[in-house]
Structures are given as structure tokens and as C-alpha cells.
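The values are calculated or read from the model by the stated rules, or taken from the named source; none is laboratory data. No experiment lies behind these values; they were computed from the predicted model shown. So basically every Cβ, Gly included, is an ideal-geometry build from the backbone, and we count neighbours across all protein chains shown.
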Amino acid sequence: MDSKFLIKNGLWGVGLVAAYFFGSSQNSTKAPEDSTTSAPRSLSVKRAGDPSSDPSSFSSRTRTSKSEERGKLSQIFEISRLSNIGIEALTKEALNDPNPVKRRLAFSKLLEGMTVENSAAIRDELVSLGAGRKEWQDFNYAWGAIAGQDAFTNSTMSEKRDLEAVISGWAATDPAGAIAMLVNLPEDIADQKSQLERGIVSGLADRDRNEAAKYVYSLASEGREDAPRLMGIVAYEVLRKDGSESAARWTESLADGLVKGSAMNEVAGRYVREDPEAASSWIAQFATEEYAASAVAEVGKEWAEKEPLTAVTWLDNLPEGQGQKNGLNAAFGDWEDKDPVAAGEYLLTMAESPKRDAAIKGFAEGVAWQDPQIALAWALDITNPQIRGESITRVGHAYFRRNPEAAQEWLTNSGFSAEMQKAIKNPPRRRGR
């Protein structure tokens, strides 16, 4: 059967199938969203030179009046104070009280009153009462911030340890000391170096984003392949503190290259969800830059999930580049789920080009799970031989999963090489299986 006939007339059939699946999906129960929130890790960390970190100063504050020292929530929920009831009782309140607000406020009080001298006692109580992962992360960050190397060394010898959080807190207050420890790691934890590097970058970002970026670029200059990923950590912290628009401007100050591209990609995902028009206007400036390809594609993909026609039109009108092609591929992969007829009709208006090939590939591989024959007709219309072969192979995988007998008959009569037929019949194993 002629592939053009299948493409033009099969779109409406695909639309009916898609409508059925879309209607079915609306009846499924949605999982409740996680509404848990947590305070920034550095909220209760004492900085060097802060008089509130002095034990005598802490004791003097406990003698002030109840109305002056305790916040409104503490008064409402009658949160105990470390100086009044001791570490054991306050830790129990922080971990076991049935009221979630009291638990969080009590744990904040516990960290607020922590010193180098009492940190070991607090840690013992956390172990005894079975603190959870979040409590351990916050405690270890604060412990690293106030005790530095002592906290790190003690943590390496403990059963309950989170060296990444410890060194992150340490780097937030003493970057030179934390980095020096990383250079001279004990042999028994040398295999954790990359994990600890993440902690240092995170701590540096809490302290000074530019200092953190400079450190990541120093790693990149040494040939470190994970430098772009580490810059993503810095960008995440900038996003959290300043928001998408400011974070986008900050990325522009970075030196061009993959490291900058990673930061842009981190920002693009959140920016486009908040304001797709502003995000697309920002990233369009970098559409021809290879390092920004992932960020361009991310904006197109995320936008297409809500407004596919608008997103595809934006991508289609960008200057030619890898970001445009990747974005069209992802956008059409989403659009075919919502409205395969409209997506197919848009493809018919596109002239033969690399960007059209990318768009068809995304569309065909998505439609394959609804109508493999229509998907194959589209895949055969791809101009680039390599991309066409890749797309036919992926569609063939879906065809064999959906209808093995029909797929085998199609493959036998396809005229494809023995090598390609073998690739279609033997898809790669999925990860985790």
C-alpha cells in the first residue's frame, strides 16, 4: 500500500484511537502530589564571627523573656527550648511528637542550640530515637558547618554517616578546608570522591554562587567530564534563591561551553513551566549555539506539553541548529499523544529538511504504540537514510510488542537487510530488567 496514502488517510484513524486512550486515561486515579516542604539546609547554620554561635551568648539569650525570644508558632504549639528541658527531651519532641509543626519547630530549635561541645550528645540522641533521612541530612550539614574537619573525621567512623552533607556544610563555612580534605581523602573512602565533590559544590553555592562556579570551571579545565553536571547543582541553588528570570541572566555571565549549557538546561526546565513566552524569548538568543541545544529542546518539549501548536511553531521558526531538531523531535512525540491528527497535518505542511526528519521521527515513534502501520508509513517518509533506519527500527520494536504475528509478516516482506531485520526483532534490553 502506498505510504503517502496511509499518511494522509490514516491520520483520522489514529485520532480516533488516541481519543479512546486519552478518555481512558482521564478515568484513572491520580496519585496525590507530595506537599512536603523543607527549610533550606543553611537556615540554622552559625557563621564564623556570629555572636549567636558563642555558647555564653546562647546562654544569655535563654534568660530573656518568653515573649521576646519565642516566635508566635512556638508560643502556639508550646515548643520546648534546649536550655529549658535538655537535649534528650527536645530531640524526642522533634522526632516523636504527633504534631508535625511541633516536630519541625523543635528540630529547628535543636539545631539552633547546637554547638561543637554538645553536637556529639545531640547525635547520640538522634541515633537512639531513630532519626529519618531528612533529619540526618540537616544535622550533618549543620555539624559540618560548625565543626568542619572534626565532624567529617567523626562521621567517617560512625555507622550513621552522611559525608556528602557534612562536607557540604563544611564547604559553606570553610571552603579551603573542605577542598583540602577532598585532595587528601583517606584510602577507605577514596571511592566516594565524586559524591563528596557534589557536596562541596553544593556548599560553595550556598555560600557564594560565583565562587562555586569558579571552582567548577577549575575542574573543567582539568578535563573533568562531570563538570557540566556539577554546574547544574550551582544553577539549582541560584534558581531556588533568586527565581528563574534572575537565574537565566546569571547563566549568561558564564563562559561559553558545555558547563554553561548545563546551567542553562537546569534553568530552562523551571523557567518554561513558569513563563513559556519569557523562557522561549531568552533561550532563542542561543538557538545556534551547540552548548545550548539541550536547553532549547527542553523549552520546546515542556511548552509542547501544554501548548503544542504554539511550541512547535516557535521551534519551527528558530534558526537551524541541534536544539531546534531535538526540540521538534520531543514536541511531536508529545503532540501525537494529545492530537495526532493536528500533529500529522502540521508535518504535511513542512518542506523536506533535517528539522522535518527530526519531527517525523518523534511523531512516528510515538504513534507506533497506537497504529504501527501508520507510524511505519511516516518513518519511511524520512529523507535522511540513517535517521530513517533508526526510526523504522524503533517503530518495529513497538510493532512486535503490540502485534507479533502482524509484525513478523510485515518484516518478512519488507525487503530490509538481514542485519536490519535482526535489529528490529531484537530490541536492546531495558535498564533495570
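Quick notes
- Residues satisfying the stated conditions in segment 96-132, i.e. part of a helix (DSSP H, G or I), β-branched (Val, Ile, Thr) and surrounded by fewer than 19 Cβ atoms within 10 Å (Cβ to Cβ): VAL101, VAL127
- Odd one out for GLN195, checked against (1) touching a residue at least 40 places away in the same chain (Cβ under 8 Å); (2) surrounded by fewer than 15 Cβ atoms within 10 Å (Cβ to Cβ): (1)
- Residues satisfying the stated conditions in segment 133-165, i.e. outside any helix (DSSP H, G or I) and modelled with pLDDT under 90: MET157, SER158, GLU159, LYS160, ARG161, ASP162
- Scanning segment 424-433 for residues that are surrounded by fewer than 19 Cβ atoms within 10 Å (Cβ to Cβ) and not in a loop (DSSP other than H, G, I, E, B) turns up just one, LYS425.
- Leading residue by the ranking (modelled with the lowest pLDDT) among those in segment 195-219 that are farther than 19 Å from ARG249 by Cα and of a type in the set (S, T, N, Q): GLN195
- Any hit, segment 204-220, residues being part of a helix (DSSP H, G or I), free of Cβ contacts under 8 Å to residues at least 12 places away in the same chain and of a type in the set (Ser, Thr, Tyr): yes
Here is a yes/no grid of residues against (1) more than 26 Å from the chain's Cα centre (by Cα); (2) farther than 26 Å from ARG229 by Cβ; (3) surrounded by fewer than 19 Cβ atoms within 10 Å (Cβ to Cβ):
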{"residue": "GLU135", "(1), (2), (3)": "no, yes, no"}
{"residue": "PHE139", "(1), (2), (3)": "no, yes, no"}
{"residue": "ASP150", "(1), (2), (3)": "yes, yes, yes"}
{"residue": "SER155", "(1), (2), (3)": "yes, no, no"}
{"residue": "ALA171", "(1), (2), (3)": "no, no, no"}
{"residue": "ASP174", "(1), (2), (3)": "yes, no, no"}
{"residue": "GLY177", "(1), (2), (3)": "yes, no, yes"}
{"residue": "ILE189", "(1), (2), (3)": "yes, no, yes"}
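Yes/no matrix, rows are residues, columns are (1) part of a helix (DSSP H, G or I); (2) out of contact with any Ser or Thr (no Cβ under 8 Å at 6 or more places or on another chain):
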residue	(1), (2)
GLY223	no, yes
ARG229	yes, no
GLU237	yes, no
SER246	yes, yes
ALA263	yes, no
TYR271	yes, no
THR288	no, yes
TYR291	yes, yes
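- Positions within segment 306-351 being surrounded by fewer than 16 Cβ atoms within 10 Å (Cβ to Cβ), outside any helix (DSSP H, G or I) and within 26 Å of the chain's Cα centre (by Cα), in sequence order: LYS306, GLU307
- A Cβ distance below 7 Å, combined with a sequence gap of six or more or placement on separate chains, defines the contacts here; from segment 319-342, residues that are within 14 Å of LYS301 (Cβ to Cβ) reach residues that are small (Gly, Ala, Ser) and not in a helix (DSSP H, G or I) in the pairs GLY323/ALA287; GLN324/ALA287.
- Residues (crowded, with 21+ Cβ neighbours inside 10 Å and either among the basic types (Lys, Arg) or not in a helix (DSSP H, G or I) (or both)) located in segment 377-416: ILE382
- In this entry, GLN192 passes the filter for residues that are out of contact with any Pro (no Cβ under 6 Å at 6 or more places or on another chain) and at pLDDT below 95.
- The condition of being of a type in the set (A, V, I, L, M, F, W, C), surrounded by 18 or more Cβ atoms within 10 Å (Cβ to Cβ) and either in a loop (DSSP other than H, G, I, E, B) or at pLDDT 95 or above (or both) holds for only one of ILE374, ILE360, that being ILE360.
- Condition check for ARG402: charged (D, E, K, R), within 19 Å of GLN421 (Cα to Cα) and out of contact with any Cys (no Cβ under 7 Å at 6 or more places or on another chain): yes
- If you check ALA293, ALA268, ALA247, ALA279 for being under 27 Å from THR383 (Cα atoms) and surrounded by 22 or more Cβ atoms within 10 Å (Cβ to Cβ), only one passes: ALA293.
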